[in-house]
Amino acid sequence: MSQEVTVRLYLQNSDVVMIIALALLCSLLLAIRFRPSSWKAIMLEALAANAAAIVAVVAFELMLS
């Protein structure tokens, strides 16, 4: 007897703008902190920043719903 929970998440334009802003800020902070020297390190930092931004906005949306 499992209870099934469905979560409907709707991203609006403002959410997409916030994801981009957070990703750029995180990328800048990571670049200042670690000073990457290769393009692989820069790509890894950019992916980490984008993932963190998406998670932050989704978590915020879930808290509001």
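The values are calculated or read from the model by the stated rules, or taken from the named source; none is laboratory data. As the structure is a prediction and not an experimental result, all values here were calculated from the model. Neighbour counts are summed over all protein chains in view; Cβ atoms, including those assigned to glycine, are modelled from backbone coordinates with ideal geometry.
Remark: pairs (first residue in the range 1-25, over 15 Å from V58 (Cα atoms); second residue in a helix (DSSP H, G or I) and of a type in the set (A, V, I, L, M, F, W, C); Cβ separation under 9 Å; 6+ apart in sequence or on different chains) = L24/A49; L24/A53; L25/A49; L25/A53. Taken together, A31, A52, A46, A41 contain a single residue that is surrounded by 10 or more Cβ atoms within 10 Å (Cβ to Cβ), under 21 Å from L64 (Cβ atoms), out of contact with any Pro (no Cβ under 6 Å at 6 or more places or on another chain) and of a type in the set (G, A, S), which is A52. Of the residues making up the range 55-64, just one is among the small types (G, A, S) and surrounded by 15 or more Cβ atoms within 10 Å (Cβ to Cβ), namely A56.
Before we move on, is M18 assigned to a helix (DSSP H, G or I) and either over 24 Å from L64 (Cα atoms) or in contact with a strand residue (DSSP E or B) (Cβ under 9 Å, 6 or more places away or on another chain) (or both)? It is false that M18 is assigned to a helix (DSSP H, G or I) and either over 24 Å from L64 (Cα atoms) or in contact with a strand residue (DSSP E or B) (Cβ under 9 Å, 6 or more places away or on another chain) (or both). Of L11, L47, L30, L25, all but one fail to be at pLDDT below 85 and either assigned to a helix (DSSP H, G or I) or basic (K, R) (or both); the exception is L30.
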